[in-house]
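Peer 1: This is the structure I want to talk about, given as structure tokens.
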Amino acid sequence: MSTDLEISSWHHFSSIVGRLDVGDPLKTAYAFRGQADASWELEPTLLRLLRHMQLSEKEALDVEQRCLNEFKSQAHLHIAPNILSTTPDTVSWWTLMQQHGAPTRLLDWCGSMYVAAYFAVTGHLDSPGAVWIVNISTVKRVMKEKYGELDYPSTVGRIETHFLQDGAPSVLHFAGRLTKTARMVAQQGSFSVCRNLLSSHGEILRDTMPEESEKVLFIKLVIPSPLKNDFLRNLRKMNITANSLFPGLDGLGKSIGELIQARGRAPAT
């Protein structure tokens, strides 16, 4: 079960960051996700599109495969050969599709609460944003208790078996791409992926996470819309900008819009 907590200021937000027990720096303790509209559910884009189509799971899997085939047929025209050569399995292909705007069953997360805040405060300026926090080790433990031994499949064959079968269980994994792109490195990117294509990641987390704990396990921080410009200004001081998170010309273009937003009126003190 998740808890909603409304943020009152940049200082309030930073104090929560400071209280998180991140543990071993060589392991990822938490995953963070920023959403520009706090009302959005934790659902991959592909799931939202398929729901409107009212397809059976088998039909949905067929649509997903057709989209993958179309992307793969043209990806070599735009993606560096060294990235393509290290993309052997379906989930790895989904990560590339996700990075370049194609709808997939993946949901993006990152390893920095401040990077997540960037995505929560850019865009939809009239709506509150949200930063979701989830404790990854707890998700893995709960999934194991419910479904048995559930290590993330590491071979091409096991990945195909676990993710492309009709009637797959609603097992949620948190993982990252082994061979990262520059954008994934800049954003400390990872993803959640469910074995059942039509399952909502948010519903799974709410249904399985423990309700009480001494540490943060699953929480939604709501950033009121009047605070978004102030957050963006503070993030710029930390060099968390479109230029740093989207290496290349795309980042430069996005940064122009950020400069305009950052000049917006600061909240009253």
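Peer 1: Can you tell me which residue is least open to solvent (accessible area, probe 1.4 Å) among those in the range 52-76 that are hydrophobic (A, V, I, L, M, F, W, C) and farther than 24 Å from Leu178 by Cβ?
Peer 2: Ala60
Peer 1: To continue, here is another question. Restricting attention to the range 119-173, which residues are farther than 30 Å from Gly257 by Cα and charged (D, E, K, R)?
Peer 2: Of everything in the range 119-173, those that are farther than 30 Å from Gly257 by Cα and charged (D, E, K, R) turn out to be Lys140, Arg141, Lys144, Glu145, Lys146, Glu149, Asp151, Arg158, Glu160, Asp166.
Peer 1: Identify, from the list Pro44, Pro81, the residue that is at pLDDT below 95 and not polar (S, T, N, Q).
Peer 2: Details: Pro44 fails: at pLDDT below 95.
After applying the criteria, what remains is Pro81.
Peer 1: Would you check if there is a residue in the range 190-211 being more than 20 Å from the chain's Cα centre (by Cα) and either farther than 17 Å from Gly34 by Cα or among the aromatic types (Phe, Trp, Tyr) (or both)?
Peer 2: Yes, some residue in the range 190-211 is more than 20 Å from the chain's Cα centre (by Cα) and either farther than 17 Å from Gly34 by Cα or among the aromatic types (Phe, Trp, Tyr) (or both).
Peer 1: Scan the range 124-137 and give yes if some residue there is β-branched (Val, Ile, Thr), more than 14 Å from the chain's Cα centre (by Cα) and at pLDDT below 95, otherwise no.
Peer 2: Going residue by residue through the range 124-137, those that are β-branched (Val, Ile, Thr) are 131, 133-134, 136.
Then drop every residue that is not more than 14 Å from the chain's Cα centre (by Cα), which leaves none.
No, there is no match, as no residue in the range 124-137 is β-branched (Val, Ile, Thr), more than 14 Å from the chain's Cα centre (by Cα) and at pLDDT below 95.
Let's see how each residue does on (1) surrounded by 15 or more Cβ atoms within 10 Å (Cβ to Cβ); (2) modelled with pLDDT under 90:
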{"residue": "Lys215", "(1), (2)": "no, yes"}
{"residue": "Lys228", "(1), (2)": "yes, no"}
{"residue": "Asn234", "(1), (2)": "yes, no"}
{"residue": "Lys237", "(1), (2)": "no, no"}
{"residue": "Lys254", "(1), (2)": "yes, yes"}
{"residue": "Gly257", "(1), (2)": "no, yes"}
{"residue": "Gln261", "(1), (2)": "yes, yes"}
{"residue": "Gly264", "(1), (2)": "no, yes"}
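Peer 1: What's the total number of residues in the range 121-137 that are under 18 Å from Asp21 (Cβ atoms), of a type outside the set (Gly, Ala, Ser) and open to solvent by 10 Å² or more (accessible area, probe 1.4 Å)?
Peer 2: Pass one, the range 121-137, residues under 18 Å from Asp21 (Cβ atoms): 131-137.
Filter again for of a type outside the set (Gly, Ala, Ser), leaving 131-136.
Now drop any that are not open to solvent by 10 Å² or more (accessible area, probe 1.4 Å), which leaves 136.
Summing the residues that are under 18 Å from Asp21 (Cβ atoms), of a type outside the set (Gly, Ala, Ser) and open to solvent by 10 Å² or more (accessible area, probe 1.4 Å) in the range 121-137 gives 1.
Peer 1: From the list Lys146, Lys220, Lys180, exactly one residue is surrounded by 13 or more Cβ atoms within 10 Å (Cβ to Cβ) and without any contact (Cβ under 8 Å) to a residue 12 or more places away in the chain. Which is it?
Peer 2: Lys180
Peer 1: OK, next. Take the residues in the range 186-218 that are among the hydroxyl-bearing types (Ser, Thr, Tyr) and part of a strand (DSSP E or B), then tell me which one is farthest from Pro247 (Cα to Cα).
Peer 2: Selected residue: Ser192.
Peer 1: Of everything in the range 191-211, what is touching a helix residue (DSSP H, G or I) at 6+ places or on another chain (Cβ under 9 Å) and open to solvent by 30 Å² or more (accessible area, probe 1.4 Å)? Give them in sequence order.
Peer 2: Within the range 191-211, Leu198, Pro210 meet the criteria.
Peer 1: Checking the structure you have, find out if any residue of the range 100-119 is open to solvent by 40 Å² or more (accessible area, probe 1.4 Å), under 17 Å from Val193 (Cβ atoms), modelled with pLDDT of 90 or more and in a strand (DSSP E or B).
Peer 2: Yes; the residues of the range 100-119 include at least one that is open to solvent by 40 Å² or more (accessible area, probe 1.4 Å), under 17 Å from Val193 (Cβ atoms), modelled with pLDDT of 90 or more and in a strand (DSSP E or B).
Peer 1: Further question on the same structure: Would you pick out the residues in the range 37-51 that are exposed (fewer than 14 other Cβ atoms within 10 Å of the Cβ) and among the charged types (D, E, K, R)?
Peer 2: Glu41, Arg48, Arg51
Peer 1: Now a separate question. Condition check: open to solvent by 20 Å² or more (accessible area, probe 1.4 Å), under 20 Å from the mean Cα position of the chain (by Cα), at pLDDT 90 or above and within 16 Å of Ser112 (Cα to Cα). Does Arg33 satisfy that?
Peer 2: Taking the combined requirement at face value, the residue satisfies it.
The values are calculated or read from the model by the stated rules, or taken from the named source; none is laboratory data. Model, not experiment: these values are computed from the prediction. Heads up, the Cβs are rebuilt from the backbone with ideal geometry, glycines too, and the neighbour counts pull from every protein chain shown. The area values use the complete protein model at the heavy-atom level, side chains included, leaving out ligands, DNA and RNA. Shrake-Rupley method; radii C 1.70, N 1.55, O 1.52, S 1.80 Å.
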